[in-house]
Structures are given as C-alpha cells and as structure tokens.
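Taking it in order: structure first as structure tokens, then the write-up.
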Amino acid sequence: MKFENQTEITEFILLGFGEFYEVQTFLFLAFLVIYVVMMAGNILIVVLVVFDQHLHTPMYFFLGNLSFLETCYCSNLFPRMLRALLTGDRRISFTGCLMQWYLCGSLIATECCLLCVMSYDRYLAICKPLHYFTMMSTQTCIQLAVASWSNGFIAFLILLILMLQLTFCGPNEINHYFCDYFPLLKLSCSDTSLMEMLGFLVSAIFILPPFLLTLTSYVYIIVAILKIPSSTGRQKAFSTCSSHLVVVSIFYGSLMILYLLPKAEVNREMRKISSLLYTALPPLANPFIYSLRNKEVKNALRNNIGRFVPHKGRHMKCGHM
C-alpha cells in the first residue's frame, strides 16, 4: 500500500453548501432539527424493541435493526455537516474521509438488504400466515440480519482496500457535504477506471436485486390486500403499504440516480439533492411510517412511560376519588 504517496494529501475540503452563504444559519438550524428528530425517533424504536416483550417478534426485530442502522448512519454524516455550517470549517482528514465513505457505503448496502428482508417478512405474514412463524423462526431472523449487515461491510471493505492503493496528490476539494465514492475517485492521480467499474458493479448488486425483490413482495402484498372483504381493512392496509412504498421508492430512486446513471447525466447540484433524499428522508420517515403509527408500538410506548411515572398516575387517581 502506497502510504507514502497518500500522505501528500493529508486532508480534504468538503465544499458542502458553501455557495449558499447567506442562509448558512437557516441550513444549520434546519438540519439540526432534522438530526435531533431522526436520532430521537430511531433511538426510541430501538429502546422499545429491546425492552418491551410484546415487540419481540420478527417484524419489530428487523425494525429495531433498521432504526439502529439509521442512528449509526445519521451520526456518521450529520455532526460533521452541522459543524461545517456552524463554524465554516469544512476540513476533514484523509483517514476521516475514507472512514466516513466506508461507513456510509456499508450502511447504505445494509439498508438495501434490510428493506428487502423486511418486505419479505411482510409478504410471509400477509400472504402465508399459516407458515409465517415456521419460516420466520428466531434462528432465521438472526441469520437474515447477520447476512444483511455482513454483506455490505465486507463488500465495501474490499473497495476500501483498493482505494488505499490509489495516489492522491492533486486538488483536495470535494464538491459535496460528505465523502462520497465517485467524487473521491475524481481527486486521485491514479488510473481509476477499474475502481469506477467496480463501484458501479457493487452499486448494481446492492441496489437492483434488493429493489426488485422488495417490489415483487409488495406486488404480492397488494394483491392479497385486494382480496380483503372489508373496505376499511383494505383502506388501512393500503395506507400503511403506500407509505412504505413511497419511502422505499425515494430511497432506491435517489440511489439509482447517483450510482447507476452515467456520471455525465448527473450534475453536481443534482448529486447533492439526490443524496439528501436518501441520507435525510428515510431516517426521518422510517420511525413514523414503520413503527410509531402502529398500535403495538403506541401501547409499548404508553406502558413503558407508565413504568417511569407510576406514582404520578396513582396520585391523580387518588385526587379524582
């Protein structure tokens, strides 16, 4: 590994939203609110899934994994972006930049796998209810979760090792708000044609098959929903299903625009906007559309809040008596 060549550049400059100088304070406050809501919502789901026995089911096991992933993902990107907006310091070390990209890529790949597994779980629950608990046993759930997490991190570890072979000796400005794969390759003095091809291949593997499998699962789910005799039941099921599909479509759509379209088709501003769709929207929306609207989660939240404030409730009852 050419560590001596790599040290010619010791840091990168993330230009981020520097061109919007007049609204830096507004952007900071907006992203701060988004970050706080994302973290609070996802951490709440993780805590409820871990500590409430009623949520120890396959569906909530995968939702807990997804919320934990979103917490890690947000913590990898937003604090540094907020610091840059607040202080104007857009520097990031060479090692920090590569680690941010590695974690970001690995977590996105894991999310693609988890969303696919979650759609399969819902397909089994709705379309094959009699076989659901047999096919989705505890061991199967753990194996699917481990496979989802390990596949992404292993694939991007290979890319990281290859990235460390590159020489970075030219410009060090990245016109983005985080260290992304293709913008990083543009700054290398080495021949990156192989790396670009591998990046496209890995993106295609982790985006297209999970997306198609997820879409197929939802098609079967919608067909099953149409067979529900009650119009109220159909409407409720469609409401939940459509919310899932909207977020999944935006997530996969923005990933496809960024990583599967030819680079010439995606300009710099489109890259920033599209990346915001998959970095901010799913972590913000997932806790609400997957969990916080569910009756089971509302009951779990109510019961666990009651554990921490039991005396207040008792005093109120005594007062009314």
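Values in this text are rule-based calculations from the coordinates and carry no lab data. This one's a predicted model, so the numbers in the text were calculated from it and none came from an experiment. With ideal geometry, Cβ positions are generated from the backbone for all residues, glycine too; neighbour counts draw on all protein chains shown.
Observations
- Placing one equal scatterer on every Cα of the chain and applying the Debye formula, the log10 ratio I(q)/I(0) at q = 0.11 Å⁻¹ is -0.78.
- Exposed loop positions in the chain were taken to be GluC sites (Glu not before Pro) whose DSSP state is not H, G, I, E or B and which have at most 14 other beta-carbon atoms within 10 angstrom. Between these positions, the longest stretch is 20-321.
- Once the Cα atoms are used to define both axes, helix 295-308 deviates from the longest principal axis of the chain by about 90 degrees.
- Mean Cα-pair separation over length for the chain, i.e. relative contact order, pairs under 8 Å, 6 or more apart, %: 25 percent
- Highest GNM mean-square fluctuation among Leu281, Leu69, Leu164, for the chain modelled with Cα contacts below 10 Å: Leu164.
- The reciprocal of the average 1/r between distinct C-alpha atoms defines the Kirkwood hydrodynamic radius, which for segment 26-98 equals 13.8 Å.
- With θ taken as phi - 60° and the Karplus curve 6.51 cos²θ - 1.76 cosθ + 1.60 applied, the whole-hertz 3J(HN,Hα) list for segment 46-62 is 4, 4, 5, 5, 6, 9, 9, 4, 5, 9, 7, 10, x, 4, 6, 4, 6 Hz, x standing for glycine and proline.
- Rounded to 10°, Cα long-axis angle of helix 94-127 versus longest principal axis of the chain: 30 degrees
- Taking packing as the residue-averaged number of other Cβ atoms within 10 angstrom, the listed peptides 249-255, 154-160 run from highest to lowest as 249-255, 154-160.
- Segment Met135-Leu86, length gained on full extension (0.36 nm per residue, minus Cα span): 12.6 nm
- Expected 222 nm ellipticity per residue - DSSP helices of 4 or more, -39500 (n - 2.57), all of the chain, to 500: -25000 deg cm²/dmol
- Spatial separation of Cα centroids for segment 20-62 and segment 171-196, in angstrom: 30 Å
- Segment 31-166 - Kirkwood radius from inverse mean 1/r over Cα pairs (Å): 16.7 Å
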